[in-house]
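Okay, structure first, notes after.
The values are calculated or read from the model by the stated rules, or taken from the named source; none is laboratory data. Predicted model, so just to flag it, every value in this text is computed and none were measured. When we count neighbours, we look across all protein chains shown, and the Cβ atoms used for this are built from the backbone with ideal geometry, even at glycine. To get the accessible areas, we keep the full protein, side chains included, count just its heavy atoms, and leave off ligands, DNA and RNA. Shrake-Rupley method; radii C 1.70, N 1.55, O 1.52, S 1.80 Å.
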Amino acid sequence: MDKRPIGIFDSGVGGLTVVKQVMKVMPHENIVYFGDTARLPYGSKSKEVVTKFSKQDVRFLLTKEVKAIIVACNTASSNSLEELHRTFDVPIFGVVDAGVAEALRTTQNKKIGVIGTAGTVRSGAYENMICQKDGQMQVFSKACPLFVPLAEEGWTENEVARLAAEKYLVELMEKGIDSLVLGCTHYPLLKRCIGTTVGDNVKLVDPAKATAKQVKLFLQEKGLGNTGEALGERTFYLSDSTDMFYSICQKALKQGYTAEIIDIEQF
Ligand code: DGL
């Protein structure tokens, strides 16, 4: 039995969609979350900068004595995970592996759409991993950078969000995809809007649930799970204040939380 928390980080509020699944799948685990709101977005930045930021995020979480870390950011998972594994001893999980496995399970016609930040799409991580696992798969990727500020602003279901979704997604629908990977942890916050745009024939794939299950299995196998009866404690840190954090928590986690602000440049 190991009561140490699981550390989870993202560039902002997007990783809350992963926290939600971790809370569901492992309700007794303590969680420490960090959202790098001062330096958001990660998606438009170079691999080098995203890797530097991600290392600082990990170093901060290590001060909270975490037993494992989830990189709840596709941009960092697809650009920086290998370097994080080389640098740190703590077990670190990305979201891409689980997203790929889930997409392969979901598609029937082997035509998969992937939406993510410019950095994730540029990395080719989803495409490469999907095609490595099954050479018959066709993958169509599209960067949808505006979805991130819309999610951070809480504009997830209004006219602006709908127009952005239509503009971004029409070309993927024309390819005949039957599955669409939400390859950015902010995007599940716009799930309803994205789902309405692509219609019922396209299944949305959110890597978060599969990631949470993967981490649960790992902790169980290593004897690192928190087997206590009490509900886990959740603690939130941001690198800059955001007025929207409490209400987005309320929407994403069905509970509002306040966050403490820390100076991430110190790590
Ligand atoms: N939520 C992050 C991701 O999954 C990054 C969004 C951003 O900062 O651009 O890629």
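Numerical summary
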| read-out | value |
| --- | --- |
| Condition check for Arg59: over 19 Å from Ala212 (Cα atoms) and in a helix (DSSP H, G or I) | yes |
| Pairs where the first residue, in the range 227-238, is within 17 Å of Thr17 (Cβ to Cβ) and the second is open to solvent by 100 Å² or more (accessible area, probe 1.4 Å) and part of a loop (DSSP other than H, G, I, E, B), C-beta under 9 Å, 6+ apart | Phe236/Thr258 |
| Selection from the range 1-37 of residues that are of a type in the set (A, V, I, L, M, F, W, C) and open to solvent by 20 Å² or more (accessible area, probe 1.4 Å) | Met1, Met23, Val25 |
| Single unsatisfied condition, Asn201 versus (1) open to solvent by less than 90 Å² (accessible area, probe 1.4 Å); (2) without any contact (Cβ under 8 Å) to a residue 60 or more places away in the chain; (3) in contact with an Asp or Glu (Cβ under 7 Å, 6 or more places away or on another chain) | (1) |
| Close pairs from the range 113-132: first of a type in the set (Ser, Thr, Tyr), partner assigned to a helix (DSSP H, G or I), Cβ under 6 Å, at least 6 apart | Thr117/Thr75; Thr120/Asn74; Thr120/Thr75; Thr120/Ser78; Ser123/Ser78; Ser123/Asn79 |
| Cβ-Cβ under 7 Å pairs, at least 6 apart or on other chains, the range 92-108 side in a helix (DSSP H, G or I), far side at pLDDT below 95 and buried (at least 24 other Cβ atoms within 10 Å of the Cβ) | none |
| Residue in the range 28-43 that is of a type outside the set (A, V, I, L, M, F, W, C), more than 9 Å from the ligand (Cβ to nearest atom), at pLDDT 95 or above and part of a helix (DSSP H, G or I) present | no |
| Number of the exception - Val160 against (1) within 30 Å of Ser247 (Cα to Cα); (2) within 17 Å of the chain's Cα centre (by Cα); (3) among the hydrophobic types (A, V, I, L, M, F, W, C) | (2) |
| Ala151 closer than 27 Å to Lys216 by Cβ, open to solvent by less than 10 Å² (accessible area, probe 1.4 Å) and touching a His at 6+ places or on another chain (Cβ under 8 Å) | yes |
| From Lys142, Lys111, residue being over 25 Å from Val50 (Cβ atoms) and crowded, with 17+ Cβ neighbours inside 10 Å | Lys111 |
| Tabulated pairs, the range 1-17, first charged (D, E, K, R), second part of a loop (DSSP other than H, G, I, E, B) and within 12 Å of the ligand (Cβ to nearest atom), C-beta under 7 angstrom, 6+ apart or interchain | Asp10/Ala72; Asp10/Cys73; Asp10/Thr185 |
| Candidate set from the range 41-57 (those that are touching an Asp or Glu at 6+ places or on another chain (Cβ under 7 Å) and open to solvent by 10 Å² or more (accessible area, probe 1.4 Å)); member that is nearest to Thr235 (Cα to Cα) | Phe53 |
